[in-house]
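The values are calculated or read from the model by the stated rules, or taken from the named source; none is laboratory data. Everything numeric in this text was worked out from a predicted model, so none of it was measured. Positions of Cβ are generated from backbone atoms using ideal geometry, with glycine treated the same way; all protein chains shown enter the neighbour counts. The accessibility values were calculated without ligands, DNA or RNA, using every heavy atom of the protein model including side chains. Shrake-Rupley method; radii C 1.70, N 1.55, O 1.52, S 1.80 Å.
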Amino acid sequence: MKFFSILLGASMMLLTTTGNTQTVNALTQKEIREGWKLLFNGKDFAGWHKYGGGAPGTSWKIDAGAMKLNVPTRAGNKAPDGGDLVMDQEIKGDFEFMVEWKIEKYTNSGIFLFVHEDKKYPHIYSTGLELQVIDDHIYEGAEENTHRAGDFFSVANARLRELNPIGNWNKVHVLLKNNKLTVTQNGYIVQEHNLNGADWKKRIGDSKINSAPIAKGDFTGRIGLQDWGSTVWFRNAKLKVISSK
């Protein structure tokens with residue numbers, strides 16, 4: 001009888017775990033009801049293009065249901081035939097965005113918000129706000145900077161850094177609502193800013209994107225994924241538009 005109870009308990013635990021497992025690159029019924037849109041189908045690059053126009057370079061691959069920038073040998077600042085990716089859709093209001101990222105040793109990459117494709121911005125990092133995706137061991141022993149995972153590059157440090165080990169997935173959730181920008185990583189709030197506040201305006205003014213549209217209070221644009229010459233994976237990219245301007 002005792003053995004049966006243990007077996008039943010284990011079976012119930014397995015069923016519960018299985019029931020809570022979410023299919024990769026798919027919307028749950030709850031997400032569908034809430035108005036989420038899937039940005040990546042796990043099969044191809046539909047809905048994405050190279051920053052500035054054109055198809056993603058051949059260094060971008062589909063690997064086990066993820067968008068992978070494949071750089072077997074670190075290639076400096078750009079892959080041999082890669083390019084930064086941006087989503088086709090332009091966001092013109094409040095939104096929520098979710099994505100998962102994974103890296104290998106010494107990867108350096110990023111997720112860009114508020115990207116404007118314009119000839120006066122030849123590089124994505126000149127126009128977008130970059131959330132760092134990186135192996136923090138690159139800066140091991142260095143003084144604190146805004147270059148580590150969860151930081152807004154050149155703008156703001158993450159409140160804390162709770163990263164999963166290299167080779168494991170990290171979850172990012174971005175919320176822009178009523179001029180408040182919140183970023184959660186692996187369940188922890190790492191960035192929280194009032195985009196109309198004096199602190200944020202000073203941070204942007206002192207940053208490397210002080211000439212970008214965001215510096216002028218323009219919080220529209222696209223989401224981008226960086227090619228910085230090292231291997232990185234992205235999956236489960238989802239968007240919910242809360243309001244449109």
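Please specify each residue of the stretch 217-245 satisfying the condition of being of a type in the set (Lys, Arg), farther than 19 Å from Gln132 by Cα and at pLDDT 95 or above. Working first, answer last.
Start the filter on the stretch 217-245 by keeping residues that are of a type in the set (Lys, Arg), which leaves 222, 235, 238, 240, 245.
Adding the requirement that they be farther than 19 Å from Gln132 by Cα leaves 240, 245.
Residue satisfying the conditions is Lys240 alone.
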TODO: List the number of the failed condition for Ser126; all other conditions in (1) under 18 Å from Ile223 (Cα atoms); (2) in contact with a strand residue (DSSP E or B) (Cβ under 8 Å, 6 or more places away or on another chain) hold.
DONE: (2)
Open item on the list: Which residue is nearest to Gly65 (Cα to Cα), if the candidates are limited to the stretch 107-119 and must be out of contact with any helix residue (DSSP H, G or I) (no Cβ under 6 Å at 6 or more places or on another chain) and assigned to a loop (DSSP other than H, G, I, E, B)?
Closed with: Thr107
TODO: Restricting attention to strands (runs of 3 or more DSSP E) lying wholly within the stretch 29-104, give those where 3 or more residues are within 20 Å of Thr184 (Cα to Cα) and either out of contact with any Cys (no Cβ under 6 Å at 6 or more places or on another chain) or without any contact (Cβ under 8 Å) to a residue 12 or more places away in the chain (or both).
DONE: 95-103
TODO: Evaluate the stretch 120-135: report whether one residue or more is more than 22 Å from Lys201 (Cβ to Cβ), open to solvent by less than 70 Å² (accessible area, probe 1.4 Å) and assigned to a loop (DSSP other than H, G, I, E, B).
DONE: yes
Open item on the list: With the requirement that a residue be open to solvent by less than 40 Å² (accessible area, probe 1.4 Å) and under 19 Å from Thr127 (Cα atoms), what does the stretch 194-204 give you?
Closed with: Leu195, Trp200, Ile204
Task: Close pairs (9 angstrom Cβ cut-off, 6 or more residues apart or separate chains): buried (at least 20 other Cβ atoms within 10 Å of the Cβ) and among the basic types (Lys, Arg) in the stretch 216-228, assigned to a loop (DSSP other than H, G, I, E, B) and at pLDDT 95 or above anywhere - done: Arg222/Tyr51; Arg222/Asp88; Arg222/Gln89; Arg222/Glu90; Arg222/His116; Arg222/Glu117; Arg222/Gly128
